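The values are calculated or read from the model by the stated rules, or taken from the named source; none is laboratory data. Bear in mind the structure is a predicted one, so any value in this text is a computation, not a measurement. Using ideal geometry, Cβ is built from the backbone for each residue, glycine included, and neighbour counts are taken over all protein chains shown.
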Amino acid sequence: MEYKKIFETLGISIPNIILPKEGTDLSKFSVVAVDQYAENNSYWDEVQKLVGNNVSSLNMVIPENFLLRGDKDYDKRIFAAGRYLENGDLVPYGESFIFIKRKLKGGERCGLVAAFDLEQYEYEPGKSNLIKVTEKTDMNRVVPRVSLREKIELELPHIFLLISDKQNKLMTYLESVSKNLDALYDFDLMKDGGNIKGYKIDKEDAYQKIAEILYEIYEQNDKKFSFAIGDGNHSFAAAKMHYENLKKSLGDSALNHPARYALAEIINLYDTSMEYEPIHRLLTNIEDKQKAISEISSILGLPCSSEEDLSKIDLQILQPALDTWLEKNKNVHIEYVHDKKSCAESGTDPHSLALIFDKFDKDSVVKTVQENKVLVRKSFSMGRPFEKRYYLEARLIK
């Protein structure tokens, strides 16, 4: 099958990539995903100092930390993006994929930046789409992103889409291609983000091989899905909502609108450099810890007498029970904690309950999306915050 047909079938498109012009200080341009370090004022204060007056993606996005501090100035970001485009600070690099090699503390992670058809994605499970959501979507986190996307001229992605490629065929092939190419960029990301290199993939023979590998993976997934959202689901959902709004206002002409597609990076679920860790639960402001354990155990219908017992329950079963209990105990607050040690330390408080999970099963992602289901919210984390995607590649959506 010809690559164009395969890409259309799988919901993938070759984007027109925009990057900072040559000579830009990319270490200051590229900042980490907006949903990281949300409660950490000092992190983002340091980022602002590092960026200074330089051309930066920071000026085109709104970190959640800024929103928490009351900065909702969308017009400032829209103006900055327009100015960068008008001044030539951001320039088109043509139609291509971008192959990425990123050195992290755990090894080198590879990815492929592409555009994805939002007609093939739904942020609610149970649909026959091929780009699958993996966790439940919180619409309260989507709306602020839509407010910016509907006005700004370009998108900067921090979205990871997963493929189930146990033999790592796609990235192995792209690695072999990149050996004969000069890097578009090669620099160190700020704040422990590691080194990143990008290679322009724009030859038809490469497109054909990429298409054939992706289709083979699709067949191995019983043609149930082509890609699964690994990170950035709320940003992808915002892109979808914006596109659906355009369809209401523009009708069929929206099918040819650039906002029909969203930029993201494909990574392999089984990439050995990427750690997938469970997200722990911390319940605070509990009056009687043992009574809480007993009541949650009763909802589960399972004999649990301790925090350790509850932590052994499959999270996909435990979380709904916690939700039911929390509905009846509205004074109790639940926090989703990434660090096992800090969660355990907080759980020593007599009015707190720490639920610590040992591991996250990668295979559960594939199994869940094949069944048209989603994992409960905050099931897993893909790497540590500084290993998340940093903003760099852009694409026009106007």
(request) Scan segment 129-147 for residues that are at pLDDT 90 or above and assigned to a helix (DSSP H, G or I) and report the count. (result) 1
(message) Can you tell me how many residues within segment 311-370 are aromatic (F, W, Y) and part of a loop (DSSP other than H, G, I, E, B)?
(response) 2
(message) Take K191 and tell me if it is assigned to a loop (DSSP other than H, G, I, E, B), of a type in the set (K, R) and under 21 Å from I217 (Cβ atoms).
(response) no
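Kindly indicate which of D205, D165, D186 is modelled with pLDDT of 95 or more, in a strand (DSSP E or B) and among the acidic types (D, E).
Numbers: D205 fails: in a strand (DSSP E or B); D165 fails: in a strand (DSSP E or B).
Testing whether each residue is modelled with pLDDT of 95 or more, in a strand (DSSP E or B) and among the acidic types (D, E) leaves just D186.
One line per residue, one yes/no per condition, for (1) farther than 18 Å from E153 by Cα; (2) not assigned by TED's automatic domain parsing to the domain that holds K132:
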| site | (1), (2) |
| --- | --- |
| S235 | no, no |
| K248 | yes, no |
| Y270 | yes, no |
| L300 | yes, yes |
| I317 | yes, yes |
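Restricted to segment 161-184, and to residues that are among the β-branched types (V, I, T) and touching a residue at least 12 places away in the same chain (Cβ under 8 Å), which residue is surrounded by the fewest Cβ atoms within 10 Å (Cβ to Cβ)? Let's see the steps before the verdict.
Kept after step one, since they are among the β-branched types (V, I, T), are these residues of segment 161-184: 163, 172, 177.
Now narrow it down to the ones that are touching a residue at least 12 places away in the same chain (Cβ under 8 Å): 163, 177.
On the way: I163: 27, V177: 16.
Here the residue is V177.
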(request) Among residues belonging to segment 228-267 that are touching a residue at least 40 places away in the same chain (Cβ under 8 Å) and of a type in the set (S, T, Y), point out the one that is nearest to E371 (Cα to Cα). (result) S235
(message) Being under 30 Å from L148 (Cβ atoms) and not assigned by TED's automatic domain parsing to the domain that holds K103 narrows it down to one residue among V332, V369; which is it?
(response) V369
(request) Return yes when K101 is surrounded by 14 or more Cβ atoms within 10 Å (Cβ to Cβ), touching an Asp or Glu at 6+ places or on another chain (Cβ under 8 Å) and at pLDDT 95 or above and no when it is not. (result) yes
(request) For K5, work out the one condition from (1) without any contact (Cβ under 8 Å) to a residue 60 or more places away in the chain; (2) more than 30 Å from E219 (Cα to Cα) it doesn't fulfil. (result) (2)
